[in-house]
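Below is one structure, written out as structure tokens, with a few remarks after it.
Values quoted throughout were computed directly from the atomic coordinates according to the rules given, and no laboratory measurement underlies them. Keep in mind that what you see is a predicted model, and the values were worked out from it rather than measured. FYI the Cβ positions are ideal-geometry reconstructions off the backbone, even for glycines, and counts take in every protein chain you see.
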């Protein structure tokens with residue numbers, strides 16, 4: 001009987017050991033639903049790999065949502081503790097008047113991270129060349145599609161008039177649809193874009209983010225009720241993230257590639273270094289997790305221009321900066 005009892009208790013004892021940090025503190029599993037898995041989020045992955053989240057008592061469990069709408073749903077339903085997605089989704093949810101909205105608590109990227117890809121090299125590419133062409137541009141109302149639409153408009157192109165931007169292809173299926181279909185261009189994130197290019201399947205012709213300029217593009221979000229229940233969690237989470245942002249600002253592409261490589265087991269470090277260098281060149285990463293109000297205004301301009309909303313919620317009803325500000329201040 002004692003042996004049976006011991007066998008019953010042992011798994012729970014081992015589990016308790018696995019859930020404790022070296023200092024005896026319990027490690028908390030934090031479920032983060034990310035819109036996609038990309039080198040674009042390198043500061044976050046670096047913070048994980050370098051142990052910054054463990055220092056705060058967290059173990060990060062990553063879930064690939066495959067689109068901002070799916071990531072937002074996961075946060076709203078409680079299937080994720082934190083969402084990493086485009087802030088436009090928080091604007092939409094707040095605009096719907098939900099009693100428990102999702103708040104932006106920290107910013108990760110400040111430019112569109114997608115690249116426009118064609119099927120042949122074009123060293124003299126300009127966006128005007130998209131006239132009369134078909135582009136797979138992402139989900140309608142998503143930041144990739146709206147940022148692309150913004151860039152096209154600046155070059156005299158309007159979807160449905162002199163260019164076709166497809167919004168009917170699921171985010172994580174866009175590359176395959178482009179390679180197997182007759183569309184002329186597609187927007188892709190890294191490392192998928194560089195992998196396609198190195199395989200000779202497609203060619204990067206332009207950076208959408210470089211053409212569009214700065215805009216808050218990918219942010220961490222939590223439900224308002226969760227923030228009220230556990231404000232210390234949000235600050236600790238962003239404290240770890242900020243360390244990753246500080247680290248990546250000084251690291252060279254090869255070092256970045258080496259550190260984040262466990263997140264991309266199917267990509268060699270040479271490819272990851274190439275991608276990190278490309279993102280560094282166009283300055284996609286935010287220096288800290290605080291979203292500025294002028295950046296929010298730029299976001300709203302792009303969303304309004306896309307015809308998705310008529311009026312925008314106030315900055316303070318979408319963004320809660322107190323935790324990011326405290327993390328940066330080191331309080």
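Could you work out the equivalent-ellipsoid semi-axes for segment 115-212, taking the square root of 5 times each eigenvalue of the Cα gyration tensor, largest first, in whole Å? Walk me through the numbers on the way to the answer.
Details: eigenvalues 69, 46, 31 Å².
Semi-axes, largest first: 19, 15, 13 Å.
Between residue 125 and residue 322, what is the label-to-label distance in nm when each label sits 7 Å out along the Cα-to-Cβ direction?
Between residue 125 and residue 322, the label points sit 4.6 nm apart.
Once the Cα gyration tensor of segment 242-309 is found, what semi-axes does its equivalent ellipsoid get, as square roots of 5 times the eigenvalues, in whole Å, sorted largest first? If you can, show how the numbers build up before the last one.
Working: eigenvalues 181, 48, 21 Å².
Square roots of five times the eigenvalues give 30, 15, 10 Å.
Using Cα pairs closer than 8 Å and at least 6 residues apart in sequence, work out the relative contact order for segment 115-212, in percent. Mind dumping the intermediate values first?
Values: 156 pairs, mean separation 46.5, N = 98.
This gives 47 percent for segment 115-212.
Out of these labelled values of Rg/Rh (Cα atoms, Kirkwood Rh), (i) 1.07; (ii) 0.95; (iii) 1.01, which was calculated from the coordinates shown here?
From the options (i) 1.07; (ii) 0.95; (iii) 1.01, the structure gives (iii).
Could you work out the relative contact order of the chain, using alpha carbon pairs under 8 angstrom and six or more residues apart, expressed as a whole percent? If you can, show how the numbers build up before the last one.
Working: 596 pairs, mean separation 84.6, N = 331.
It comes to 26 percent, rounded to a whole number.
Based only on other Cβ atoms within 10 Å, what is the fewest-to-most ordering of 96, 197, 154? Before the final figure, lay out each step's value.
Details: 96 9, 197 18, 154 12.
Listing 96, 197, 154 from fewest to most nearby Cβ atoms yields 96, 154, 197.
Can you sort 115, 127 by how many other beta carbons sit within 10 Å, fewest first? If you can, show how the numbers build up before the last one.
On the way: 115 27, 127 19.
Arranged by neighbour count, lowest to highest, 115, 127 become 127, 115.
Can you pull the three principal axis extents for the Cα set of segment 19-119, in Å, largest first?
Principal extents (Cα only, largest first): 48, 44, 20 Å.
So what is the calculated 222 nm ellipticity per residue for the chain, using -39500 (n - 2.57) for each DSSP H run with n of 4 or more, over all residues, to the nearest 500 deg cm²/dmol?
Details: 16 runs with 150 residues, N = 331.
Mean residue ellipticity at 222 nm (helix-derived): -13000 deg cm²/dmol.
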